[in-house]
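The structure under discussion appears below in the form of structure tokens.
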Amino acid sequence: MEEPVRQTFWNVPHWAEIAQYAGGGLAVIIFLYGLWRHIKRWKSGRSEKLEGTFGHRLTLLVKYGLFQGRLSNDAQSLLMHLFIFWGMAVLALATAIATVDWDVAHLLFDYQFLKGNFYLVYELGADLFGLFLVIGLCIAVIRRYIQRPEKLATENPPTFKIDSGALLLMLLGIAITGFIVEALRLASMKPDWAEWAFIGYALSGLFGAMSIDSIEASHFVFWSAHAVLSFVFIAAIPYSKAFHMVSSAVSVYTGNNIPPGRVSEDNEEGVVGITDFTWRQLIQFDGCTWCGRCQDVCPAHAAGWRLSPKNVVLKLNAESGRSAGSSKPENKSDNGGTPEGLGDVVSAEELWGCTTCAACENECPVFIQQPRALIDMRRHLVIEGELGDTLGEVLMKITRYGNSFGQSDRARSKWTQGLDFKLKDARKEAVEYLWFVGDYASYDARVQEVSRAVARLFHAAGLDFGILNESEKGTGNDIRRVGEEGLFDMLREKNLKALSKAKYKKIVTTDPHTYNALKNDYARDMDGVEVVHYTEVLEQLVSERKLEPSRPLNAKVTFHDPCYLGRYNGVYASPRKVLRALGAEVAEMPRTREHSFCCGAGGGRIWMEDSPDTKERPADSRIREAAAVSGVQVLAVACPKDLVMFQDAAKTTGFEDKIAVKDIAQLFLETLNQEVKDEQ
Amino acid sequence: MNIIVLMKMVPDVVEPLEIAEDGKNLDKEAIRMMASESSEHALEQALILKDSVGAEVTVAAIEAPELDDALFSASAKGAVRVIKITPEQDGLRADISASVLKEFIKQECGSPGSDTLIFTGSQAIDDLQGELGPTLAEQLGLPFIGVVTSIKPVEGEEGKVTAIKEYSGGLRGEYEVALPAVVGIQAAEQPSRYVPFAKIRAAMKSGSIESTEITPEVEGRGVEIARMYVPEVTGRAEMIEGDPETVAARLIEIFKQNGILG
Amino acid sequence: MNGGILVLAEQLKGEPTGVAFEMLGVGRTIADELGVQLEAVVIGGEGDEIASGLGAADKVLKVDMGDDQMPVSDTVVSILDQVSDKRSPALILIGCTNVSQGIGTRLAERRGLAHLNFCTKVNIEDGRPVFTSQLFGGKIFADATLPEDKGVVSIYPGAFPAEAGKSEKTPEVEKIDVEVPESPVVFKRFIEPEIGDVDITGYDVLVSVGRGIQNPDNIELAEELAAAMGGAVSASRPVIDQGWLPLTRQVGKSGMNVKPKLYLALGISGAPEHQEGMKNASMIVAVNTDDKAPIFDISHYGTTIDLFDLVEVLKDKLEEAKGT
Ligand SMILES: Cc1cc2nc3c(=O)[nH]c(=O)nc-3n(C[C@H](O)[C@H](O)[C@H](O)COP(=O)(O)OP(=O)(O)OC[C@H]3O[C@@H](n4cnc5c(N)ncnc54)[C@H](O)[C@@H]3O)c2cc1C
Ligand code: SF4
Ligand code: SF4
């Protein structure tokens, strides 16, 4: 048989070939201009240091960029993305190879490498990936226009309205015209290897009846259409959603691969205008793929509040585009001009809806830090005094008394009064564990019971521990997330001072919010002191047999992962291990571990009023979820705020009789010998 | 418009109050001081007027522990001048405090003009011997209206304001007041604004508190306090036992004794 | 005591207020024990009609104000000053209320008298009245006497029985002529609370219902009881969440902060978030079948009988009491 060889530009007049190069060149120029505009936009942000090495960034890029690692929990979406992305990538590569083969190798050196078996595989591969592309696009069309999940609805596209539809059509057009061109060529040339290009070959049957002339005429028409569509697509990339191929990759590459929920460290005043975000943040906004995964897991959105992290990101991106496109001088504060506010872009109501649970950030395939951006904007609201009445009142209480309850700081260790042993005062004597109690565990009557249970357990295990009494102030974890950096700093200073006067080896706390603040927000000044959660200590005490549950619980229990313990700090195993050690069967809720669903109290939400259009409070939704796990009698918690929120939610939803809300420490105490309990 | 807000510092009742050894005073060592709630409202109402119609807000208070914090906070919120008047005075004696403040007002503006409003808190928890506002008004010979919850300039009439005074059960009265006048603010139109800590810090750095010394003209006509004491609190409800008839009868008796049923 | 007692018969919208009778009651006791005259001053309004209800006083002094509906406090001070010139009382009693706020203080200042505020109790010791005042929001009490037993005392509303000031007797009424000065403060009009949207912060009596009320139909019971007491119905959050009452009725952390004279809690456990909104009420009475409910820790009175057994009986008895 005659050796198969690539006939690029078959049936294409020379002028058209030249025109194609001209068109291609133009498309690339338009593309580059658009790209340059994006880069300029990114550069308008504040500076920020990249953490991590080049190697680790590259790994990120391959894992999360090329293979879309974060989509792995949504098979349909993963397939669609892989098909479209790899389909396009391979076809683009194929076109490039053909061009090099024809206009470089053949033209200049009279040599072709697209021949023989290599060429056959090339044809097969191109058709295969072309098919993938079409399948991917079909999935996309089905998802977007037939299934229409809520998360894909976009009220504020940062580009143009029919963006997604236009792109999908264009890509489908490119793929289909590509196949038709191939089919027509095969129909006319009838090479004996035609079956290798299996799709083109199959389609060529359709044209068998046509005359050679009309085949060639149609071929030229489709060839031109294919070329024009492809160039339009390339040129349109930076001006449409398709740019996320580039920007998402950059966003992934510049991601810091740290646990979700980190806030900006050195921007006390927060964000006024869009360019007060850092360049990394601006890249993130630009990298948004509109996938809506963040919105799907957002408790504020689920509650029916105005906030959707996706919409916030898209609106910020649109604003960033608008501001970069405008001809006025760069609106950065240090240039003298006051930046235009973002008040019209993202409303205060949206900002105050966030519980800073970081579910969104955990879910985002391209590492966008939504809570961080929201908190940056909250900081500005705080400076402007645009906070709700109830929140303002709480902040005043904290300023004055160092606790959100507005109670006397001298009453901070009053909860210990119900114990018949005395807790060591860590300011006066050295202890191994310094117990940083936190506001809720100190002042809320319901949680005080838990605090006493923990004290009893520690005492029974002979743990050497003490507290700071009234020298302890709230750590300000949630003050910081509310956006009140100044107050947070004040609290941090006071606590660091108190800590510096105490002698201890490790810090233990029952409160995940306190835990997070001490471990992360105070880290710079803590000399690497280890901070542990009481469930971690309990786990250790059990494994060292210092505490031996003697009367197993024999109950089916489900555990709620607190945001600030789980997603923020990766502690998932200890509470479960302790529960199993108590003889409980631990059943999981559908939303568990890093996908845990926030109780709604975080980020200062516990101090704010619920919006009147609340459909279902996050805690209510969660208690229903827990109660729906078959056979579960107890919702175990390991966070003071969770106890309060879920006990209340159990009442509100009427599940009170069905499921009990208890802290792990309370459950633990139930399993101890009667003497231990009595004696305490 | 000029608004002079006279704030009053009172013991913070969040902290446990203790009686001094003589049994006639609070133990000064054990207390913390804070701006009285209605003083805070007076400041807020002044700031609301400043924002809505433009007013120059001056805040002054008689020396007390932790007064600086209150004044810095007022300054951060937008008071143009904050002034501390030394020395400390007995908070229970409105007549003494008023005589100091009268001198202060004289120093400030001679005799107040028709663009001047003097705000005080309507009532403070330690007004044992009368409220500051009416005492000062009497000493200055100015009109007074208290329990005010809203105040606005009368449109088109210079030197006049409309004040809303609260009675009870939601019933309120509208008054027109010709300035200058002393107004006792019960509650501002909005809750006190939150001022971010960063702004208070900035105010502290700029150290903007003015200070002036005024000695009162004391007249000895205060009440004679025989003793002060912490009332007995049972800490738990007195339980009423019996059948519904008995309980209902007892409850009505209690209501009547406490003036709850007209 | 060298001189009589003068009571300002406080009125609002042409009606004597509760504290007017409370003052007459306590004034009567002092006057009888010390053998002095008790006189009441009625200023303006429906003077004659009000005067005739003040039989507890030995004499009612009536000052005409024409058609001035609501004499402003400075004017009242001036009138009382002139009346005092004529009658030389030793003791002047004024209500420590919003209506009369500022009058006592200014009058004392004008007459060079001592003024004692927040009075909740009066005892006669060695022939001298000893007044107990509550200070610092009720955290501290102070016992005090007036110099030479002369001065102005502001009587805390709700602290004395009003019954004691009501009398069937027809008092002697004397019309007093005084000069009524022009005041730079002018009363314009009353602003009534908006109907429909109940503002629970404005009521002296709140009947508050919690989950113990069980279902929306039972809210009616509470409404009836509240009506019998001249109060309004408020609720804990679960009741609001169920949509049984509007959000404006919610008491607590995420609702209203209320300070009524009486907070009657029916079937409310007293969670911290709820307490935050009501613990400053002057009197808290809790009805809850669970004797361990935390509400009892902050209540003054409590009962563990079933609220459904109590409410009806209580309402009937209240209406009975009113009828007589
Ligand atoms: C962030 C947050 C904010 C909150 N804000 C508020 C708020 O603003 N206001 C608020 O109220 N709550 C608020 N809550 C809810 C609060 O925690 C409690 O869940 C709620 O107050 C309980 O309401 P309750 O007392 O009516 O119900 P329960 O706690 O269920 O109490 C019902 C009581 O009725 C008694 N009872 C039952 N039947 C009878 C009967 N026949 N006779 C007499 N007694 C009976 C029972 O013994 C029980 O004590 C908030 C919670 C959270 C987490
Ligand atoms: S942090 Fe949580 S509440 Fe906030 S936007 Fe993200 S998912 Fe929503
Ligand atoms: S922010 Fe992230 S998760 Fe949310 S829509 Fe954009 S890409 Fe998707």
Report summary line: Among the residues of the stretch A:433-488, the number that are under 21 Å from A:Pro562 (Cβ atoms) and part of a loop (DSSP other than H, G, I, E, B) is 8
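Answer with yes or no whether B:Ile96 is among the hydrophobic types (A, V, I, L, M, F, W, C) and within 14 Å of another protein chain (Cβ to nearest Cβ).
yes
Any idea which of C:Val7, C:Val76, C:Val42 is of a type in the set (A, V, I, L, M, F, W, C), under 22 Å from the mean Cα position of the chain (by Cα) and within 14 Å of chain B (Cβ to nearest Cβ)?
On the way: C:Val7 fails: within 14 Å of chain B (Cβ to nearest Cβ); C:Val42 fails: within 14 Å of chain B (Cβ to nearest Cβ).
That would be C:Val76, the only listed residue that is of a type in the set (A, V, I, L, M, F, W, C), under 22 Å from the mean Cα position of the chain (by Cα) and within 14 Å of chain B (Cβ to nearest Cβ).
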Requested in this report: Name every residue in the stretch C:271-294 that is crowded, with 24+ Cβ neighbours inside 10 Å and within 7 Å of ligand 1 (Cβ to nearest atom), in order of residue number.
Outcome: C:Ala271, C:His274, C:Gly277, C:Val287, C:Asn288
Requested in this report: With the checklist (1) assigned to a helix (DSSP H, G or I); (2) at the interface with another protein chain (Cβ under 7 Å from one of its Cβ atoms); (3) crowded, with 22+ Cβ neighbours inside 10 Å in hand, flag the one item C:Gly137 doesn't pass.
Outcome: (3)
Query raised in the report: Looking at this structure, is A:Leu434 touching a residue at least 24 places away in the same chain (Cβ under 8 Å), out of contact with any Ser or Thr (no Cβ under 7 Å at 6 or more places or on another chain) and more than 16 Å from ligand 3 (Cβ to nearest atom)?
Result: yes
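Looking at A:Ala649, A:Ala665, A:Ala619 in this structure, which one is part of a helix (DSSP H, G or I) and away from every other protein chain (no Cβ under 14 Å)?
On the way: A:Ala649 fails: away from every other protein chain (no Cβ under 14 Å); A:Ala619 fails: away from every other protein chain (no Cβ under 14 Å).
Criteria check complete, one pass: A:Ala665.
Sort out for me the strands (runs of 3 or more DSSP E) sitting completely within the stretch B:141-254 that have 3 or more residues that are facing chain C (nearest Cβ under 7 Å), out of contact with any helix residue (DSSP H, G or I) (no Cβ under 7 Å at 6 or more places or on another chain) and modelled with pLDDT of 90 or more.
The strands (runs of 3 or more DSSP E) meeting that bar are B:172-178, B:224-229.
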Query raised in the report: When both residues are 6+ apart or on different chains and their Cβ atoms are under 6 Å apart, which pairs have a first residue that lies in the stretch A:279-293 and is within 16 Å of ligand 1 (Cβ to nearest atom), and a second that is outside any helix (DSSP H, G or I) and among the hydrophobic types (A, V, I, L, M, F, W, C)?
Result: none
Query raised in the report: Which one is nearest to ligand 1 (Cβ to nearest atom) among residues in the stretch C:189-235 that are more than 13 Å from chain B (Cβ to nearest Cβ) and of a type in the set (S, T, N, Q)?
Result: C:Gln214
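Can you tell me which of C:Ile295, C:Ile305, C:Ile240 is more than 9 Å from every other protein chain (Cβ to nearest Cβ) and either closer than 25 Å to A:Ile606 by Cβ or of a type in the set (A, V, I, L, M) (or both)?
Numbers: C:Ile295 fails: more than 9 Å from every other protein chain (Cβ to nearest Cβ); C:Ile305 fails: more than 9 Å from every other protein chain (Cβ to nearest Cβ).
Every option except C:Ile240 fails the conditions.
Conditions tested, residue by residue: (1) buried (at least 23 other Cβ atoms within 10 Å of the Cβ); (2) more than 10 Å from ligand 2 (Cβ to nearest atom).
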{"site": "A:Gly261", "(1), (2)": "yes, no"}
{"site": "A:Phe277", "(1), (2)": "yes, yes"}
{"site": "A:Cys291", "(1), (2)": "no, yes"}
{"site": "A:Val312", "(1), (2)": "yes, no"}
{"site": "A:Ala318", "(1), (2)": "no, yes"}
Requested in this report: With respect to C:Ile124, determine if the residue is under 21 Å from B:Ala226 (Cβ atoms), part of a strand (DSSP E or B) and β-branched (Val, Ile, Thr).
Outcome: yes
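Okay, residues lined up against (1) modelled with pLDDT under 95; (2) under 22 Å from A:Leu547 (Cα atoms):
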site	(1), (2)
A:Ala445	yes, no
A:Val454	no, yes
A:Ile467	no, yes
A:Thr475	no, no
A:Gly483	no, no
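Residue by residue, here is whether (1) within 30 Å of B:Lys199 (Cβ to Cβ); (2) touching a Lys or Arg at 6+ places or on another chain (Cβ under 9 Å); (3) at pLDDT below 95 holds:
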| position | (1), (2), (3) |
| --- | --- |
| B:Leu71 | yes, yes, no |
| B:Ser75 | yes, yes, no |
| B:Gly78 | yes, yes, yes |
| B:Thr86 | yes, no, yes |
| B:Asp90 | no, no, yes |
| B:Ala94 | no, no, yes |
| B:Gly130 | no, yes, yes |
| B:Pro134 | no, yes, no |
Report summary line: Of (1) more than 40 Å from the chain's Cα centre (by Cα); (2) within 25 Å of A:Ser230 (Cβ to Cβ), A:Asn117 satisfies every one except (2)
Query raised in the report: Which of (1) aliphatic (A, V, I, L, M); (2) part of a helix (DSSP H, G or I); (3) farther than 21 Å from C:Cys96 by Cβ is the odd one out, the single condition C:Val19 does not satisfy?
Result: (3)
Requested in this report: Check C:Val258 against each of (1) more than 21 Å from C:Pro294 (Cα to Cα); (2) within 24 Å of the chain's Cα centre (by Cα) and name the one condition it does not meet.
Outcome: (1)
Query - Subset of the stretch C:151-164 (residues that are at pLDDT 95 or above and part of a loop (DSSP other than H, G, I, E, B)) - result: none
Query raised in the report: Of A:Val221, A:Val246, A:Val263, which residue is away from ligand 3 (no atom under 16 Å from the Cβ) and over 28 Å from A:His380 (Cβ atoms)?
Result: A:Val221
Report task. Being crowded, with 16+ Cβ neighbours inside 10 Å and either hydroxyl-bearing (Ser, Thr, Tyr) or touching a Lys or Arg at 6+ places or on another chain (Cβ under 8 Å) (or both) is the filter here, so list the residues in the stretch A:176-234 that pass it. Result -> A:Thr177, A:Ser188, A:Gly200, A:Tyr201, A:Ser204, A:Ser218, A:His219, A:Ser224, A:Ser230
Requested in this report: Identify all residues within the stretch A:107-127 that are closer than 22 Å to A:Asp192 by Cβ and part of a helix (DSSP H, G or I); write none if there are none.
Outcome: A:Gly116, A:Asn117, A:Phe118, A:Tyr119, A:Leu120, A:Val121, A:Tyr122, A:Glu123, A:Leu124, A:Gly125, A:Ala126, A:Asp127
Requested in this report: Evaluate the stretch A:591-611: report whether one residue or more is farther than 21 Å from A:Cys563 by Cβ, outside any helix (DSSP H, G or I) and in contact with a Leu (Cβ under 7 Å, 6 or more places away or on another chain).
Outcome: no
Requested in this report: Six or more apart or on different chains, Cβ under 7 Å: which pairs go from a residue in the stretch A:332-361 that's within 19 Å of A:Ala302 (Cβ to Cβ) and within 14 Å of chain B (Cβ to nearest Cβ) to one that's within 16 Å of ligand 1 (Cβ to nearest atom) and modelled with pLDDT of 85 or more? Could you list them?
Outcome: A:Trp352/A:Met608
Query - Scan of the stretch A:361-381 for residues that are more than 9 Å from ligand 2 (Cβ to nearest atom) and over 13 Å from A:Cys291 (Cα atoms), ordered by number - result: A:Gln369, A:Arg372, A:Ala373, A:Ile375, A:Asp376, A:Met377, A:Arg378, A:Arg379, A:His380, A:Leu381
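The values are calculated or read from the model by the stated rules, or taken from the named source; none is laboratory data. Note that the structure is a prediction, hence the values are computed from the model and not measured. Here the Cβ is made from the backbone with ideal geometry for all residues, glycine too, and neighbour counts use every protein chain on show.
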